[in-house]
1. Compute the distance in nm between two label points, each set 7 Å from the Cα along the Cα-to-Cβ direction, one at Asp282 and one at Thr79.
2. Just how far, in whole angstrom, is segment 67-141 from segment 305-326 if you go by their alpha carbon centroids?
3. For Lys138, go through the lysines and keep the ones whose alpha-carbon is under 24 Å away, minus same-chain ones fewer than eight residues off.
4. For a test of the definition: using alpha carbon positions, the gyration tensor, and the 1.5 limit on a/c, classify segment 271-367 as rounded, prolate or oblate.
5. Roughly how many whole Å is it from the C-alpha centroid of segment 438-476 to that of segment 480-495?
6. Average projected area of the Cα convex hull of segment 153-268, in nm²?
7. Within the chain, what's the longest stretch lacking GluC sites (Glu not before Pro) that sit in DSSP loops with no more than 14 other Cβ atoms inside 10 Å?
8. Looking only at segment 307-348, which residues have a backbone nitrogen under 19 Å from a spot 7 Å from the Cα of Asn172 in the C-beta direction?
Amino acid sequence: MKIIILICVSSIVLANNVAVENISMTGLDAANDYTMIEFDIAWDNSWRTSSGPSNWDASWVFVKWQINGGAWSHCTLNTTNGNHTAPSGTTIDAASDGTGVFIYRSVDGSGSNDWVNAQLRWEYGTDGVVDDATVTVKVFAIEMVYIPQGSFYVGSGGNEDGHFYEYPTTTNEYQITSEEAITVGTTSGNLYYPLRTYGGDQSGPIPADYPKGYSAFYIQKYGISQGQYADFLNMLTTTQQGNRTATMTSSKYVMTNTSTVSYRNGLYTSDGSAIVCDYDDDGTGDESNDGENIACNYLSWADGTAYADWAGLRPFTSLEFEKACRGTEGPVANEYAWGNANIAESAYTLSNSGVNTEGIATNYGTGSIGNASYETTDGSIDGPLRCGVFAAHASNSGRINAGASFYGAMELSGNLWERHITVGNTTGRSFTGVHGNGALTTDGDADVTNWPSSNATGTGWRGGAWSNGSTYLSVSDRGQSTRTDAGRQDDCGFRASRTQ
């Protein structure tokens, strides 16, 4: 087998700086049609803790291959943990479907990771690659946070629009204690919610197979960044690129079909083929101030699910959203993802706009004030901020100021709407949590049976965005929980999850 190695570094974000380097091949076993893909991986602000949230952050690592410049395909990795090589101090958990692995700290600790000589066993024979092929591979890493199994509450006892409650008292939270089916209705003790235009049909049951958040799962630490989406687009065919963008015309911003940056989205093509980040609008892509770390807006439901399928991940559900935000803590009325109802109320200004050190220059909330990008704080910024921006501030004293969820996921309140699978109609309730397989249709769509289609029926919006009032940012606000608007919006992004 002739192997050509290309390094693919995931989007660099100051809050994590995940990087994959020094990729090579070793341990070729031609008789059994496998080889080891070796690499180093590093990121900052990592943790594992046995107390409090009792969780860790991880990188979801997957690999793509191509032969002689052809279409890219997904590497099938061995499904037995022991057949991969985990660097000292790490654990590798291999996915049972062979799409990737999670790598994370094996013992409690926090700080920067810098792990060398990780090895993943690629079953190239399974993928139909012959021994004498000339192969190029790229390795990708996406930062995730682990959400442990456990009971939690939905609804906060507050007055959020369309909030869940335990019937008949609208201020009684509902506790989820298993993955068993949930009855929705007007019998005492049932899960229920008010009738709203986009709140749902008040019907059920929510089937046992619908992921409820009780069982453990992972969720992306940040929404998809513009750099990550550019990496994805550049792995697609011309036809697929055309369907995952608004245009592929030369000298255009591809998500908006404009000749200038719109609402801070800087994804650009000069030649109608390669996509770069060009936030500073100077015609030269991927410079240090070109916004690759800004959260990617203008993602339709079809765009987000295509990314999730391509990466071997899946969408998350409405119930998983509240678990990821609130964790096992008792609810606080009208709380945001950082666990209280206090939010910054003055317009931010930015330092180092578009750079991977983009930060809040003025009006950063301190003490018991949570920070989020929404209508009041957006001021003249007019668009989403870089992923993890609040955690990097010098005055950050912890979860509240960082705008972090109980488990360490960032920007679940504000910045961009979180598209999810709703409980509010039969299409959403039929979702069973199937993962993507790393492959798309020839048109560039997700091809997973049981996911809502490109018309977005069965989906909704949670968490609010830079353009909304603060009430939309509340964890238990469900006023848009069955809203589809399947097209590209300047305030919609995407993040994915995985059960394991």
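Since every read-out is calculated from the coordinates, none of them should be taken as a lab result. What you see is a predicted model; the values in this text were computed from it and never measured. Please note: Cβ atoms are built from the backbone with ideal geometry, for glycine as well, and neighbour counts cover all protein chains shown.
1. Calculated label separation equals 5.0 nm.
2. So the two Cα centres are separated by 22 Å.
3. Lys138 reaches Lys2, Lys64, Lys221.
4. oblate
5. 6 Å
6. It is 10.7 nm².
7. The answer is 1-179.
8. 330-334
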